[in-house]
Ligand SMILES: [Zn+2]
C-alpha cells in the first residue's frame with residue numbers, strides 16, 4: 001500500500017474506534033482530543049515505513065515518508081533500516097533468505113508495535129511536556145505528508161516541518177494534560193498495527209509471526225495469495241479503498257461531532 005492509503009486507514013480506524021467508544025462505552029473525547037488522536041494514528045500508520053530510506057527505493061511510498069523532515073528523516077530511515085537488517089540477521093534461521101536491506105522486517109512486527117506504543121507512553125510519562133510536543137510534532141509531520149501527499153510534495157519539507165511544529169505547539173497549549181498522554185501512545189501503537197494489516201493485504205506480506213519460528217523460518221512473510229492480493233498503486237487501492245476509508249472517516253467524524261454541534265444550537269435529536 002502507498003503512503004496516503006496507510007495514513008487514511010490510520011485515521012479511519014481511530015475515528016471509527018472513537019465513535020464506537022462514544023456510542024457503546026460512553027467514552028467521550030473533546031474535538032481537539034479527537035483531532036490529535038486521529039493525526040497521531042495517521043502518522044503512526046506511516047511510521048513502520050521509516051525503515052525505507054530514499055536511497056534504497058526511489059519510487060516507493062516509503063521514500064516519501066522518509067522525506068517528511070528532509071535529510072533528518074532520511075537519516076533516521078537509514079538508521080532504522082540498518083538496525084532492522086541487524087535484527088534480521090541476528091534472529092534469522094536456516095531457511096530465511098539472505099537480504100541486503102531491512103525494509104518490511106523489524107518495524108513490521110507485533111513486538112515492534114507494542115514497543116513503540118509503550119515507549120511513546122513511557123516517554124510522555126517521564127519527560128512530560130517536551131516529550132509530548134516532540135512526539136506530536138513528529139507524528140503530525142508524518143500525517144501531513146501521508147494525508148496531503150500532493151500538497152506536501154509541492155510545499156517541500158521545510159513547510160511541512162513548520163506546519164507540524166505549529167500544530168504540535170497549538171495542540172499542546174490547548175490539550176488538558178490529565179488524560180492526553182496514554183492516548184498518544186495508544187494512537188501510535190494502533191497506527192503501527194493498522195500499517196501492518198495494510199501491508200498484509202498486499203502480495204509481499206509482512207513477518208507478522210516474528211519471533212515465532214515456523215519450519216526453520218523466523219521471518220515468514222504472511223500476505224494474501226496473488227489472486228486476491230491488493231496491487232500497490234492499483235485502481236482498487238487508489239480509488240476503491242481510499243474512497244471507502246474517506247467515507248468511513250467522514251461518517252465517524254460526523255457521528256462524533258454532530259451531537260455536540262446540534263446541542264450547541266439547542267436542537268434536540
Ligand atoms: Zn510497510
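Since every read-out is calculated from the coordinates, none of them should be taken as a lab result. Computed from a predicted model, the values in this text were never measured in an experiment. Cβ: placed from backbone, ideal geometry, glycine included. Neighbour counts: every protein chain shown.
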Once you have the Cα-Cα distance between residue 257 and residue 122, take 0.36 nm times their residue separation minus that, and quote the gain in nm to one decimal. 45.6 nm
Cα extents of region 41-163 along the three principal axes, largest first (Å): 47, 37, 20
How far apart, in nm, are the 7 Å Cα→Cβ label points at residue 166 and residue 151? 1.1
Can you give the Rg and Dmax of region 219-269 based on its C-alpha atoms, in angstrom? 18.8, 57
If each of residue 235 and residue 247 carries a label point 7 Å out from its Cα toward its Cβ, how far apart are those two points in nm? 1.7
Working from Cα positions, state the angle (0 to 90°, nearest 10) between the long axis of helix 3-24 and the longest principal axis of the chain. 50
On C-alpha positions alone, give me the angle between the axis of helix 71-91 and the longest principal axis of the chain, in degrees, nearest 10. 50
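Let me have the relative contact order for the chain, percent, based on Cα pairs under 8 Å that are six or more residues apart.
Values: 445 pairs, mean separation 79.1, N = 269.
That works out to 29 percent.
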Extension length gain for residue 222 and residue 29 (0.36 nm per residue less Cα distance), in nm, is 65.9 nm
Using only Cα atoms, locate the centre of region 191-269 and the centre of region 105-153, then give the distance between them in Å, rounded to an integer. 18
Point-to-point label distance, residue 115-residue 212, nm (Cα→Cβ direction, 7 Å offset): 1.9
Rg/Rh ratio calculated on Cα atoms of region 165-259 (Kirkwood radius): 1.10
For the chain, what size does the Cα cloud have along each of its three principal axes, sorted from largest down, in whole Å? 67, 41, 37
Angle in degrees between helix 129-147 and the longest Cα principal axis of the chain, rounded to the nearest 10: 80
How big is region 106-173 along each principal axis, measuring the range of its Cα positions in Å and listing the largest first? 35, 32, 14
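Subtract the Cα-Cα distance of residue 197 and residue 264 from 0.36 nm times their separation in residues, and report this length gain in nm to one decimal. Each step should come with its number before you reach the end.
On the way: separation 67, 0.36 × 67 = 24.12 nm, distance 3.87 nm.
Extra length available between residue 197 and residue 264 comes to 20.2 nm.
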